[in-house]
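A.B. asks: Provided herewith is a single structure, encoded as structure tokens, for subsequent inquiry.
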Amino acid sequence: MRLLLINPKYPESFWNFKWAVDRVLPGKRAINPPLGLATLAALSPAHWEVGIVDENIEPLPLAPAADIIGICGMGVQFPRQGELLEYYRRRGYFVVAGGSYASLCPERYFPLADAVVTGEAEIIWREFCRDFDAGRPRRVYKETGVVDLADSPAPRFDLLKLDRYTTATLQFSRGCPFLCEFCDIIVMFGRKPRHKTLAQVEQELDGLRRIKTRNVFFVDDNLIGNKGVAKELLRFLAQYQRRHGYDFRFGTEASINMAQDPELLALARAANFTWVFVGIESPDPEILKAARKIQNTREDALTSVRRFYAHGIDVLAGFIIGFDNDTLETFETQRRFILDSGIQAAMVGLLTALPRTSLYDRVRREGRLRKQASSPDNTKLGTNIVPKGMDYDVMVTAYQRLHRELLTDRNIARRIRNKLRFLGAPVYQGEYSRREKLIIVGRLLGRGILPGGPSRIGWFLATLLPTRPAKWPLVMADWVAGLAMRDYVARHFVLTGERQAARAAKSVAALAKTVRRHLEAGRAALSWRDKQPVPELSICIREWLDRKFYTRVAKHAGRMLKRSGASLTLHIESLRSHEIPHAQRMLTKLRKYGDRISVVLDERLYALLPVDSSTFNLALMAPRHP
């Protein structure tokens, strides 16, 4: 039996750090590999042939040699996941849907898949495999019990192209004891944390060490959900590191009350944890209490962050705006806190109601659920909640302005300097070889610092020169993170007001003028829809087009994408052999904006013009029938 497991492409967000991955880090395509699929592969029968494709790092195989195709997905991946399920099912494959969003909203998958797997997979995936081998697979497999993580096998790391990711991932525990109103973790995994054995962790680390992977992210939603067990893990990890020459650098997610336990902090440092992601959400304790995030109210958040710094551990953090008691003044409160705390990777999102959470149910009862905003990605210019304390459009504009202010060169530097004031000897010393470090520094300077001109160069030197060399790797990493987030904001948080729409329309008009003879001959077609919030240019390529056509499309469409938040759709109905190199060069020039470009390719052309679906949005068309 041949099983192909697919991780659909994520829409770009802050979490992708696209500029850093594409422009600075050598040989990398994405941040984290699909650990869930590697675990699923390990749960599959030994006589099955299993493969994994992650669309975030490689193109999709459009006609794979497989009997079953399993496609996972988080909420933000659902549109692409649904498209892939439909495409492969039309082509005659048996398709299985799973992942966290299928567990929250299984009903959305029933029309798309032959089978839907909901809940944790350790037991029910094996059940599906037995049924499929016997020729009687069911439509729905739902885990209703509590999974013992001792039953979870070591993931098939050998099926992942780990050299293309910045980190490898492990999971020690599931579940969180807290009651945050907006969180779906307790819905999926419960409030009683469960964990693997230390022997399982050792086996997984040994596997990663054998393949020379050293940068590891524990993806637990709260590593210290059970503090006693977490301390046992950290003691074990410290011993493991001593035995093996501190091969690994770790990072994880934990609740901020970790900072109030000196033993936990000391153990984390001893185990070589370089960073921790914490959900701060808001520095206002009253807002936190209303959101039922009580664990964050036991100590001033700034004090907690600086406790991490004192132990040499960096802090990444999540923030939320849009709680019921938030007002426009909240943006200034958050701005001051983020600058004072020195947190560079500050993921500020608008409050979003995820299905089956307490927040979702309450907002729906109150009639404040915006149905026109269905994306669960809270780092976009919008949300599915009508706020109480401010006008929706004013809130979105203020959210956009907050990010632009945080990501000026001055404020990137200010955060670094505020961090360094409280940072002890940093655990982080970089995770790359000497040669790779030189490449990264060269690219950061050449592609990030120098293009910013004298001002950015000055701020960069102001963070580097007064700092001890032992802290330089962290300073460099913060500049990379800050510039990556700045690049995302510049490309995605683009105003779509009259001025920007007019500039985009001007580029479209220039394109139409330069390719007029092709349009008049019917060899191509062009349409511009100045719709809100995302204007769209559509270009249809039909037949017999010359090199100049593709060059002009790349020039003017690229200018349009740079000037606005507009999207581009390329409908390619026909290509002659002489056109293929021209079309490839056009796509190469536009790849910087690939996440906003959809390529609709006639199925007959898939082999002639391979489109990298990990870069562009490849819209998969139904097969033609005679």
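A.B. asks: Starting from the Cα of V534, step 7 Å along the direction of its Cβ; do the same at R516; then give the gap between the two resulting points in nm.
C.D. replies: A separation of 3.2 nm, rounded to one decimal place.
A.B. asks: Label point 7 Å out from H47 along Cα-to-Cβ: which residues of the stretch 57-87 have amide N under 18 Å?
C.D. replies: 67-68
A.B. asks: Given points 7 Å out from each Cα along the Cα-Cβ axis, report the R576 to R130 separation in nanometres with one decimal.
C.D. replies: 6.2 nm
A.B. asks: A follow-up question, please. Need one number: nm distance between label points at T408 and A509, each 7 Å from Cα along Cα→Cβ, rounded to one decimal.
C.D. replies: 3.4 nm
A.B. asks: If you take the charge dipole of the chain about its Cα centre, with +1 on Lys and Arg Cβ and -1 on Asp and Glu Cβ, which of A317, V363, L339 is farthest toward its positive end?
C.D. replies: Result: L339, furthest along the dipole toward the positive end.
A.B. asks: What does the extension gain come out to for R365 and L608, with contour length at 0.36 nm per residue minus their alpha carbon separation? All intermediate terms of the calculation are to be shown ahead of the outcome.
C.D. replies: Details: separation 243, 0.36 × 243 = 87.48 nm, distance 5.26 nm.
Gain in length upon complete extension: 82.2 nm.
A.B. asks: Aspartates and glutamates near K548 by alpha-carbon distance under 13 Å, same-chain residues fewer than 8 away left out - which ones?
C.D. replies: E579
A.B. asks: Rank the residues L25, L537 as a footprinting-exposure proxy: fewest other Cβ atoms within 10 Å of their Cβ go first.
C.D. replies: On the way: L25 21, L537 27.
In order of increasing Cβ crowding within 10 Å: L25, L537.
A.B. asks: Next question. Return the FRET efficiency for the residue pair R164, E86: r is the Cβ-Cβ distance, R0 is 35 Å, and the value is rounded to the nearest 0.05.
C.D. replies: Working: r = 27 Å, r/R0 = 0.78.
E(calc), rounded to 0.05, equals 0.80.
A.B. asks: Relative contact order (percent) for the stretch 167-406, with alpha-carbon contacts under 8 angstrom and 6 or more residues of separation? All intermediate terms of the calculation are to be shown ahead of the outcome.
C.D. replies: Details: 392 pairs, mean separation 40.1, N = 240.
This gives 17 percent for the stretch 167-406.
A.B. asks: Which of the helices in the chain meet the span-like rule: DSSP H, Cα axial reach of 27 Å or more, Kyte-Doolittle mean at least -1.0?
C.D. replies: Working: long enough: 472-492 (30 Å, 0.33).
Those that clear 27 Å and a mean of -1.0 are 472-492.
A.B. asks: Given the chain, what percent of its DSSP beta bridges are antiparallel, to the nearest 5?
C.D. replies: On the way: 9 of 65 bridges.
Of the beta bridges lying entirely in the chain, close to 15 percent run antiparallel.
A.B. asks: Contour minus end-to-end for N32 and R210, with contour as 0.36 nm per residue of separation and end-to-end as the Cα-Cα distance? List each step's numbers first, then the result.
C.D. replies: Numbers: separation 178, 0.36 × 178 = 64.08 nm, distance 1.89 nm.
Additional length available on full extension: 62.2 nm.
A.B. asks: Show the residues, 5+ positions off or on another chain, whose built amide H is closer than 5 Å to the amide H of S613.
C.D. replies: L60
A.B. asks: Treating only the Cβ atoms of Lys and Arg (+1) and Asp and Glu (-1) as charged, compute the dipole magnitude of the stretch 520-560 about its Cα centre; round to the nearest 20 debye. Show your work: numbers first, answer last.
C.D. replies: Values: 9 positive and 5 negative charges, 35 e Å.
So the magnitude is around 160 debye.
A.B. asks: Further question: When only C-alpha pairs under 8 Å and at least 6 residues apart count, what is the relative contact order of the chain, in percent? Mind showing how you got there, number by number?
C.D. replies: Values: 1118 pairs, mean separation 71.5, N = 626.
Reported as a whole number, the value is 11 percent.
A.B. asks: Here's a follow-up. Determine, for W275, W48, W479, the number of other Cβ atoms within 10 Å of each Cβ, and report the residues in order from fewest to most. Let's see the in-between values first.
C.D. replies: On the way: W275 21, W48 15, W479 26.
Exposure proxy ranking, most exposed first: W48, W275, W479.
A.B. asks: Students often get this wrong, so try it: which of [x] 0.96; [y] 1.49; [z] 1.12 is Rg/Rh (Cα atoms, Kirkwood Rh) as calculated from the structure shown?
C.D. replies: Here the calculated entry is [x].
A.B. asks: Where does each of 116-127, 464-475 land if you order them by average Cβ count within 10 Å, highest first?
C.D. replies: Details: 116-127: 20.3, 464-475: 14.9.
Packing proxy ranking, top to bottom: 116-127, 464-475.
A.B. asks: Also, quick follow-up: Given L575, L601, N7, which one lies farthest toward the positive end of the charge dipole of the chain, if we put +1 on the Cβ of every Lys and Arg and -1 on the Cβ of every Asp and Glu?
C.D. replies: It is L575.
A.B. asks: Among D602, D478, what is the fewest-to-most ranking by other Cβ atoms within 10 Å? Walk me through the numbers before you get to the answer.
C.D. replies: Numbers: D602 16, D478 22.
Fewest-to-most Cβ neighbours within 10 Å comes out as D602, D478.
A.B. asks: If you place +1 on the Cβ of every Lys and Arg, -1 on the Cβ of every Asp and Glu, and leave all else neutral, what size is the dipole of the chain about its Cα centre, to the nearest 20 Debye?
C.D. replies: Numbers: 96 positive and 67 negative charges, 467 e Å.
Computed about the Cα centre, the dipole is about 2240 debye.
A.B. asks: With +1 assigned to the C-beta of every Lys and Arg and -1 to the C-beta of every Asp and Glu, and no other charges, what is the dipole magnitude of the stretch 2-142 about the Cα centre in debye, to the nearest 20?
C.D. replies: Details: 17 positive and 16 negative charges, 35 e Å.
Roughly 160 debye, rounded to the nearest 20.
A.B. asks: I need the semi-axes of the equivalent ellipsoid of the stretch 75-183: take the C-alpha gyration tensor, multiply each eigenvalue by 5, square-root it, list largest first in whole angstrom.
C.D. replies: Details: eigenvalues 114, 70, 65 Å².
They are 24, 19, 18 Å, listed from largest to smallest.
A.B. asks: Relative to 2.2 N^0.38 Å, what does the C-alpha radius of gyration of the stretch 119-170 come to as a ratio? Two decimals please. Walk me through the intermediate numbers first.
C.D. replies: Numbers: Rg = 14.5 Å, N = 52, 2.2 N^0.38 = 9.9 Å.
It is 1.47.
A.B. asks: Structure shown: which of K380/K513; K142/K192; K388/K531; K28/K513 lie over 30 Å apart, alpha-carbon to alpha-carbon?
C.D. replies: Values: K380/K513 34 Å; K142/K192 20 Å; K388/K531 28 Å; K28/K513 40 Å.
In this structure, K380/K513; K28/K513 lie more than 30 Å apart at Cα.
A.B. asks: Moving on. What number do you get for the stretch 498-619 when its Cα radius of gyration is normalised by 2.2 N^0.38 Å, N = residues? Intermediate values should be presented prior to the final figure.
C.D. replies: Values: Rg = 13.5 Å, N = 122, 2.2 N^0.38 = 13.7 Å.
With N residues counted in the stretch 498-619, Rg over 2.2 N^0.38 Å equals 0.99.
A.B. asks: Would you work out which of A501, C72, L381 lies farthest towards the positive end of the dipole of the chain, given +1 charges on the beta-carbon of Lys and Arg and -1 on that of Asp and Glu, about the Cα centre?
C.D. replies: Farthest towards the positive end: A501.
A.B. asks: Please identify the cysteines of the chain that lack any partner cysteine with a Cβ under 4.7 Å from their own Cβ.
C.D. replies: Lone cysteines by the Cβ rule: C72, C105, C129, C176, C540.
A.B. asks: Add -39500 (n - 2.57) for each DSSP H run of 4 or more in the chain, then divide by its residues: what number comes out at 222 nm, to the nearest 500 deg cm²/dmol? Display every interim value, and only then the final one.
C.D. replies: Numbers: 22 runs with 247 residues, N = 626.
Computed mean residue ellipticity for the chain: -12000 deg cm²/dmol.
Just so you know, all these numbers are worked out from the coordinates, no wet-lab data involved. Keep in mind that what you see is a predicted model, and the values were worked out from it rather than measured. Cβ coordinates were reconstructed from backbone atoms using ideal geometry, including for glycine residues, and neighbour counts include every protein chain displayed.
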